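The values are calculated or read from the model by the stated rules, or taken from the named source; none is laboratory data. Here the structure is a predicted model, which is why all the values come from computation and not from measurement. Using ideal geometry, Cβ is built from the backbone for each residue, glycine included, and neighbour counts are taken over all protein chains shown.
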Amino acid sequence: MRDLRDDTRAGFLDTFGREPVGLWTAPGRVNLIGEHTDYNLGFVLPFAIGLRTAVALDPRDDRVVRVASALSEEVAEIHLDDLHPEMLSGWSAYVFGVVWALGEFGADLAAVPGFDAFIDSDVPIGAGLSSSAAIECAVAVALNDSWQLRLDRRTLAAVGQFAENHAVGAPTGVMDQTASLLGEHGAAVFLDCRSGTSEIVPMHLAEAGLEILVIDSGVSHEHATGGYADRRASCDLAAQTLGIASLRELTEADLPDAATRLDPVTLRRVRHVVTENQRVLDTVALLRQEGAAAIGDLLDASHRSMRFDFEISVPELDLAVETAQSNGAIGARMTGGGFGGAAIALVPDHAVSHLRAAIDGAFAEHGFGQPDMFLVHASHGAIREE
Ligand code: GLA
């Protein structure tokens with residue numbers, strides 16, 4: 001198996017002809033439950049995974065920033081005086097966007113030196129595991145350290161989200177960056193997106209003999225356009241129609257009244273968000289009181305809600321979830337923004353290989369491409385490695 005840190009350091013040396021001064025990594029994430037609730041100021045429960053993105057960095061004595069990556073031939077370059085979010089594009093927008101966003105959050109970009117950076121990643125792109133947040137958070141912690149900005153991790157998460165929203169142009173919430181920055185070994189991050197407060201919730205999966213299997217459908221998704229933005233717009237419009245600051249204000253008891261004021265499709269969107277918030281709270285309570293073996297029904301209900309009310313699933317994800325449910329999984333759901341990406345199954349460790357075979361078989365039978373499947377374990381958030 002390759003060593004991400006060695007490869008990133010070597011990539012830096014190859015590209016820039018000197019050693020980097022430091023190396024930072026940030027993880028991708030899996031969302032256990034709480035989908036499309038973050039930008040509605042609700043609850044989410046993601047965890048950071050072992051797959052990480054690394055950035056090796058060395059300052060320059062001019063004010064030029066150059067970034068290269070193992071995933072592209074291009075060495076992108078910009079002068080710190082020329083950072084305008086609307087001019088950024090391609091993969092380097094994730095890096096330059098974070099630099100620009102740090103300025104929006106108080107860093108004095110007129111007073112910092114430039115830098116060279118090399119990026120490499122083990123987080124698969126387009127699988128719904130937040131490869132973009134992993135880049136943003138690795139760069140954010142690297143610059144926070146290098147420039148001695150002393151921004152706390154909640155602020156760095158907001159910086160990453162700001163870059164994603166305004167430089168990359170994807171109207172996403174703050175969940176992914178929060179997981180990537182606050183994640184801890186063996187635990188999920190329970191985040192209240194309205195107050196910004198978070199708690200670490202241990203999952204105790206190994207003790208319970210459970211694994212989380214990711215099933216990457218291979219259907220790729222794009223958040224800057226299309227369905228994600230459309231769902232977000234429906235939620236914003238619903239809140240406006242109901243005269244509330246966000247859908248977080250609603251509980252299930254408010255749904256009958258909402259039904260008299262919203263069209264049927266919008267009502268279904270709202271019902272997903274409201275019931276999903278409750279499922280996150282119930283999952284946290286069950287994890288604490290009974291353990292992970294008790295949360296399967298909530299995962300299943302979350303998937304049904306995304307499939308039928310929020311309508312963000314695709315046939316490949318539905319098949320993965322159904323096959324998991326009927327082949328030993330305790331619960332299963334699609335995870336992430338939807339319209340492709342991955343599903344997760346919570347499964348007893350002794351049933352993992354049977355489940356993998358069943359999913360392979362079901363995909364083949366339906367004429368779908370073979371999904372990529374792997375186990376994930378909750379891991380620590382972004383750190384300086386060396
Ligand atoms: C993507 C976004 C997140 C969140 C999820 C859906 O991962 O980046 O902010 O909205 O979709 O829960």
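Before moving on, here are some points about what is shown:
- Apart from one condition, residue 261 fits all of (1) touching a Leu at 6+ places or on another chain (Cβ under 6 Å); (2) not in a helix (DSSP H, G or I); the exception is (1).
- From the options 107, 117, 54, 48, residue that is of a type outside the set (Ser, Thr, Tyr), crowded, with 17+ Cβ neighbours inside 10 Å, under 18 Å from residue 17 (Cβ atoms) and in the same structural domain as residue 189 (by TED's automatic domain parsing): 117
- Residue in segment 82-96 that is surrounded by fewer than 15 Cβ atoms within 10 Å (Cβ to Cβ), in contact with a helix residue (DSSP H, G or I) (Cβ under 8 Å, 6 or more places away or on another chain), in contact (Cβ under 8 Å) with a residue 12 or more places away in the chain and among the aliphatic types (A, V, I, L, M) present: no
- Close pairs (6 angstrom Cβ cut-off, 6 or more residues apart or separate chains): at pLDDT 95 or above in segment 127-140, more than 13 Å from the ligand (Cβ to nearest atom) and of a type in the set (Gly, Ala, Ser) anywhere: 134/26; 137/26; 137/382; 138/26
- Residue-level check: of (1) more than 16 Å from the ligand (Cβ to nearest atom); (2) not in a loop (DSSP other than H, G, I, E, B), residue 62 misses just (2).
- Flag for residue 27 being more than 30 Å from residue 271 (Cα to Cα), under 26 Å from the mean Cα position of the chain (by Cα) and not in a helix (DSSP H, G or I): yes
- For residue 139, the criteria (1) more than 16 Å from the ligand (Cβ to nearest atom); (2) hydrophobic (A, V, I, L, M, F, W, C); (3) part of a loop (DSSP other than H, G, I, E, B) hold in every case but one, which is (3).
- Residue 90 vs. criteria within 16 Å of the ligand (Cβ to nearest atom) and not hydrophobic (A, V, I, L, M, F, W, C): no
- Residue 339, sole failed condition from (1) hydrophobic (A, V, I, L, M, F, W, C); (2) at pLDDT 95 or above; (3) within 20 Å of the chain's Cα centre (by Cα): (2)
- Taken together, the criteria exclude residue 238 from residues that are of a type in the set (A, V, I, L, M, F, W, C), over 16 Å from residue 311 (Cβ atoms) and modelled with pLDDT of 95 or more.
- In summary, helices (runs of 4 or more DSSP H) completely within segment 272-386 and bearing 1 or more residues that are within 16 Å of the ligand (Cβ to nearest atom) occur at 296-304, 315-325.
- The listed residues are 42, 34, 28, and the only one of them that is within 15 Å of the ligand (Cβ to nearest atom), modelled with pLDDT of 95 or more and within 18 Å of residue 119 (Cβ to Cβ) turns out to be 28.
- Scanning segment 142-169 for residues that are of a type in the set (A, V, I, L, M, F, W, C) and either over 17 Å from the mean Cα position of the chain (by Cα) or more than 14 Å from residue 24 (Cβ to Cβ) (or both) yields 142, 143, 147, 149, 151, 157, 158, 159, 162, 163, 167, 168.
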